[in-house]
Amino acid sequence: MVSRARDKGLKRIVILRDGIPKTPLELKDCLEAFNTIAKELKYRASLNYVSVIKRSTVRVFASNKKLKANPIQGTYIYMYKLKHFGRIAHEVLVATSRPEEGTTRPVILRIYELQKEYDVSEVKRIAEEYLALTRLDFWNLRTGASRLALPVKMADILSYMLSMGIPVRA
């Protein structure tokens, strides 16, 4: 990843993880591996680690049916900052799909502070980038978007295929 970023002149690498990390060691090892490779390649880039929580119990819906106040597709809101596995993380609620039958099932982005502190505007920019990646679902003719960003959706499909014993070729 780092060598390709260097070849293309990119200054930032974003890891979209499907779900939350299982242990604090996962975050630590990811950061250490990134720093080691960046040092070996003599390349300075920043790392954003984003957990995409797609199976949440949170729903967004209208409080009054006359108002039609359901969030429109592409709405996001910064919720709060929390501490998880000893790291500060920011959570953003992202409505990536159109409401069906009055409710919207949002995706939650948990953005971990691994290298630096983020202000709310940086976290919102990451949410906007995630929303842009949801617009790459060319198979959805109705809305042209998916609940999941394309890299997360493909990882989900590939992991399902592997769990079913279907060989995946590169």
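When you count the other C-beta atoms within 10 angstrom of each residue and take the mean per peptide, 44-52, 12-20 line up highest first as 44-52, 12-20.
Among the listed pairs K39/K116; K28/K116; K11/K81; K28/K83; K28/K153; K8/K124, those whose Cα-Cα separation exceeds 20 Å are K11/K81; K28/K153; K8/K124. The distance between label points at V58 and E113 comes to 1.9 nm (points 7 Å beyond Cα on the Cα→Cβ vector).
Read-outs: derived from the displayed coordinates by stated rules, not from any lab. Since we're looking at a predicted model, the values are computed, not measured. No Cβ is skipped: glycine too gets one built from the backbone with ideal geometry, and neighbour counts run over all protein chains shown.
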